[in-house]
Structure formats: structure tokens, C-alpha cells
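Engineer: Got a structure here, written out as C-alpha cells. Questions coming.
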Amino acid sequence: MVGASLASATSTAQTPHVSVDGDIRIGLIGCGGRGTGATLNALKADPGVRLVAMADAVEDRLNGCLETLQRHKDFGSRVDVSDEMRFTGLDAYKNVLATDIDVVLLATPPGFRPLHLRAAIDAGKHVFAEKPAAVDPAGIRSVLASAVKAKEKGLFIVAGLQARYEPETIEMTKRVHDGAIGEILNARMSRYTGGLWVKPRKPEQTDVQHQLSNWHYYTWLSGDFLIEQFVHEIDRMAWVMGDYPVSCLATGGRQSRTSEMYGHTYDHFAALYKFANGSELYATSRQQQGCASAFEMRLAGTKGTCIGEGKVKYDITGPSAWQSGQRNGKKQVGHQTEHDAFYQELRSGGYLNNGEYFAKSTLMAIMARESAYTGQEITWQQALDSKQDLMPDEIAWDTAVPQWQVAIPGKTTFT
């Protein structure tokens with residue numbers, strides 16, 4: 001079966017000891033909005049969690065995050081980061097991993113994820129890693145290797161693909177896997193949103209400083225929005241369909257974000273994935289300001305359908321009809337429940353390792369990006385074996401980053 005079967009969120013391994021009732025010391029690498037949010041989720045998940053170390057490339061961002069956390073009315077008392085445990089710079093992650101923390105939260109721009117994950121596992125730390133797993137196939141292979149090493153060492157990897165921890169999505173997926181709609185024939189997933197922030201370049205900024213401050217728009221840092229954002233939906237569809245695709249043919253481009261300040265990423269994609277059993281998935285996404293929004297999924301099976309609206313509302317039709325519960329239309333809770341599960345399992349001596357599906361769902365998104373960029377059909381194996389490595393070997397503030405051009409289908413290549 002292409003891509004192998006989907007890995008379970010749980011497996012058996014010997015977990016490094018964490019006290020049943022003592023403190024769990026955590027460190028944060030990447031102090032932006034998602035890093036701040038993940039830290040609050042961790043603090044809420046377990047009363048023994050304490051934030052004791054932080055790192056970010058930029059001092060002002062670290063200080064802003066720390067102030068926000070310290071002011072929190074419920075959790076501020078457990079934010080205990082001394083001056084000596086605050087690290088800044090592009091190599092600051094090494095300092096956090098050299099401390100005696102038990103858990104590290106990885107929330108930098110995605111291009112750094114494989115490097116930081118490997119270093120965290122080598123340092124013997126349990127990991128929460130924000131999505132996506134990587135921005136290129138070289139990074140995917142690194143994450144897969146780190147997942148294997150983590151299992152050998154009994155270290156957790158919990159991925160920020162929170163749909164897999166969302167109660168309604170868990171129940172919907174179980175019912176589909178149990179045959180509620182029969183055999184899946186085809187599927188559709190759409191997510192249309194508005195634009196994102198952009199920060200004008202300051203005269204004193206180097207290329208690295210500018211691109212890091214606008215990381216969404218540079219493929220070496222974000223992977224493009226299809227990987228950075230839409231990976232949530234791609235992962236959900238791979239999970240419910242029960243496998244990864246054999247190939248992908250996609251299109252995309254830039255229609256509204258065309259100026260140089262938007263880097264070289266696209267603003268819309270449409271992809272057709274083909275699976276070994278003959279089923280197909282049509283996935284579309286866009287980030288364009290002033291356009292209609294949409295967020296829906298549809299599964300068509302031999303016995304019925306499953307229609308999803310947003311992130312937590314589902315409706316199964318047919319002989320095994322079902323609708324998701326009282327939270328229909330309300331906000332997701334997966335950002336919190338993934339951390340709840342993390343610390344519950346850590347305390348109880350259980351084990352969680354999401355590393356395999358974390359990497360494979362990201363690779364599925366990369367297939368669509370590269371098919372759209374090149375105009376060619378991309379197979380699963382071709383993507384997995386690709387030599388593409390977008391990250392510079394060494395990064396300093398004055399590093400001359402490659403001047404990538406906006407991809408042109410029919411001219412851009414993928415090897």
C-alpha cells in the first residue's frame with residue numbers, strides 16, 4: 001500500500017520517567033502567536049507544568065511573549081523564566097535544549113522544524129511540534145528518522161495537527177472507518193480564507209531578517225500556505241480516507257498577492273489526488289482578500305455521504321445516519337485536547353508518537369505544491385525520494401539567501 005498504513009497516534013515504548021505528581025519543566029522555542037498559544041495550552045493541561053526556558057531569534061518577540069504569559073490571570077504564576085533562561089538568536093534553540101527541561105514546544109517557522117526536532121530528540125526531550133513537519137522532502141525524511149529515534153528512546157512527539165484530537169472529528173472518522181458510508185468513492189475538501197499580514201521591509205534589515213519577519217511568503221520558511229495552513233485539512237482527509245495517495249496533479253498561482261512584498265508563494269491551489277483503491281480527493285484552497293469564504297468537506301461512499309462544515313460539524317447520511325453533537329458550528333477544542341492527551345499520557349507512563357503521520361501528511365501537501373509549481377503530475381515515491389532541500393546549510397543574519405523566483409508551471413522543475 002502506497003505510503004504504508006497510517007500510524008496510530010499511540011504505540012508502545014519505554015517512556016523516560018516523569019514524576020506522577022511533580023513539576024514538568026517545559027521550554028519554548030519560537031515565541032510568536034502559536035508559540036504563545038501552545039504554551040498556554042500546556043499550562044492549562046496540567047497544574048504541574050512550569051515554563052522555565054524560552055528562545056526566539058528576536059529579543060523583542062521573546063519579551064512580548066513572556067509578558068503576555070506572565071500577565072495571564074490563571075497561569076502567570078507558573079511562568080518562571082529567569083534572565084539566564086532567556087535565549088535569543090538563530091542558534092538559541094541549542095541553549096534551551098541544553099537545560100534540564102522535560103518537554104520542549106517547537107513553534108518557529110516550519111523550515112526550522114526538522115532541525116529543531118532532531119536536536120530535541122538527540123537531547124532527550126519530549127516534543128510538541130507545531131505543524132507542518134517540514135517544507136521539503138529532505139526535511140520529511142529527517143522527521144521520519146526522528147520519529148523512529150524518538151520511539152527507540154521512549155520520547156513523545158505530539159504534532160499540532162489537532163483535528164486528530166478533536167472529539168467530533170474522532171467520532172466521525174471512527175464511523176466512516178466502521179462502514180457508515182460504505183466504501184469511499186471520492187472526496188472533496190475546500191478552505192477559502194482571506195489574506196495575511198505583511199510587514200514592509202525596513203532599510204536596515206538583511207534578507208534573512210526581512211524574510212523571517214514575513215515568513216509566510218517564502219517557501220523555504222513556510223512551505224507556501226498549502227503546506228503551512230491547508231495541511232490541517234489534507235491530514236484530516238488522509239486520516240478519514242485511510243491511506244496516502246499514489247499521485248497528485250495540481251494547479252495554482254498568484255492573482256491577488258502579486259507584488260514583491262509577498263515573496264514568491266502562491267495565493268490559490270487546486271489538487272486532484274489519486275489513491276491506490278481508485279478513489280480520488282479534490283482539494284482546493286486560497287488566501288485572497290475580499291473573496292467569499294468556504295470551509296467544507298464531502299465524502300461520497302457506496303452507502304451514503306459525510307458532509308463537514310468548518311472544523312467540528314459533521315452530517316452522515318444513509319442507513320447509518322449521524323450528526324455531530326451539541327458543539328455544531330462552535331469553535332474547535334483540539335488545540336487544547338492535544339496537550340491534555342500529551343500530559344495525561346506522560347504522567348501515566350503511556351506513550352504518544354505522531355511523527356509518522358505528521359511527516360506523511362506534510363509530504364502529501366508538498367506533492368500538491370510541487371505539482372502546481374511545475375505543472376507536472378507528482379507521485380508519492382517521487383516526492384519522498386526527491387533531493388529538494390530548500391533550507392540553507394548555515395543561517396546567520398547576513399546569510400545571502402537564495403533569490404528564488406515565483407514558480408512558473410512548465411518551466412519550474414522538481415528533482
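Engineer: Per residue of the range 374-382, in order, report the coupling 6.51 cos²θ - 1.76 cosθ + 1.60 (Karplus, θ = phi - 60°) as ³J(HN,Hα) in whole Hz, putting x for Gly and Pro.
Structural biologist: With the stated coefficients, the range 374-382 comes to 9, x, 10, 6, 10, 8, 4, 5, 4 Hz.
Engineer: Only Cα pairs within less than 10 Å get springs; with that Gaussian network setup on the chain, which residue of Ala321, Ala138, Ala270 has the largest fluctuation?
Structural biologist: For the chain, modelled as a Gaussian network with Cα springs under 10 Å, the answer is Ala321.
Engineer: To continue, here is another question. Please give the calculated 222 nm ellipticity per residue for the chain, where each DSSP H segment of at least 4 residues contributes -39500 (n - 2.57) and the sum is spread over every residue; nearest 500 deg cm²/dmol?
Structural biologist: The per-residue figure over the chain is -10000 deg cm²/dmol.
Engineer: Moving on to the next point. Check each of the trypsin sites (Lys or Arg not before Pro) in the range 337-415 and keep only those in coil by DSSP with at most 15 other C-beta atoms within 10 angstrom; list them in order.
Structural biologist: Lys387, Lys411
Engineer: Whose amide H sits under 5 Å from the amide H of Phe87, counting only residues 5 or more places off or on another chain, with H placed in the peptide plane?
Structural biologist: So Phe87 has HN proximity to Met54, Ala55, Asp56.
Engineer: Okay, moving on. Using each residue's phi in the range 28-34, evaluate 6.51 cos²θ - 1.76 cosθ + 1.60 at θ = phi - 60° and report the 3J(HN,Hα) Karplus result to the nearest Hz, with x for Gly and Pro.
Structural biologist: My calculation for the range 28-34 gives 10, 10, x, 9, x, x, 6 Hz in order.
Engineer: Ordered by residue, what ³J(HN,Hα) values in Hz, to whole numbers, does the range 280-286 give under the Karplus form 6.51 cos²θ - 1.76 cosθ + 1.60, where θ = phi - 60° and Gly and Pro are x?
Structural biologist: 9, 10, 9, 10, 10, 8, 8
Engineer: Using a 4.7 Å cut-off between beta carbons, which cysteines in the chain end up with no partner cysteine at all?
Structural biologist: Cys248, Cys291, Cys306
Engineer: By its C-alpha gyration tensor, with a ≥ b ≥ c as the square roots of the eigenvalues, how is the range 211-272 shaped: rounded for a/c under 1.5, else prolate for a/b larger than b/c, else oblate?
Structural biologist: Prolate shape, in that a/c is at least 1.5 and a/b is the bigger ratio.
Engineer: Sequence-distant or interchain residues sharing an amide H contact under 5 Å with Ile24, placed H: which?
Structural biologist: Distant-sequence amide H within range of Ile24: Val49, Arg50.
Engineer: Given axes a ≥ b ≥ c from the Cα gyration tensor, I'd like to know whether the range 237-386 is rounded (a/c under 1.5), prolate (a/b larger than b/c) or oblate.
Structural biologist: Here the range 237-386 falls in the rounded category.
Engineer: What is the fewest-to-most order of Ile184, Ile307 by other Cβ atoms lying within 10 Å of their Cβ?
Structural biologist: The fewest-first ordering by Cβ neighbours comes to Ile307, Ile184.
Engineer: Leaving out same-chain residues fewer than 8 places away, which lysines sit with a Cα under 18 Å from that of Lys151?
Structural biologist: Lys125, Lys360
Engineer: Assuming a ≥ b ≥ c are the square roots of the Cα gyration tensor eigenvalues, decide whether the range 250-339 counts as rounded (a/c under 1.5), prolate (otherwise, with a/b larger than b/c) or oblate.
Structural biologist: Cα axes put the range 250-339 in the oblate bin.
Engineer: Sticking with this structure for a sec: Using only the Cα atoms, what convex hull volume per residue in Å³ does the chain have?
Structural biologist: Taking the convex hull of the Cα positions in the chain, it is 142 Å³ per residue.
Engineer: A further question on this structure: Based only on other Cβ atoms within 10 Å, what is the fewest-to-most ordering of Thr302, Thr193, Thr206?
Structural biologist: If I rank by nearby Cβ atoms, fewest first, I get Thr302, Thr206, Thr193.
Engineer: Just rank Trp380, Trp215, Trp197, fewest to most, by other beta-carbon atoms within 10 angstrom.
Structural biologist: Trp197, Trp215, Trp380
Engineer: Let me ask something additional. List the GluC sites (Glu not before Pro) within the range 182-243 that fall in a DSSP loop (any state other than H, G, I, E or B) and whose Cβ has at most 14 other Cβ atoms within 10 Å.
Structural biologist: Passing sites in the range 182-243 are Glu183, Glu204.
Where a number appears in this text, it was derived from the coordinates with a stated rule and is not lab data. Note that the structure is a prediction, hence the values are computed from the model and not measured. Note that each Cβ is placed from the backbone with ideal geometry, even for glycine, and that neighbours are counted across all protein chains shown.
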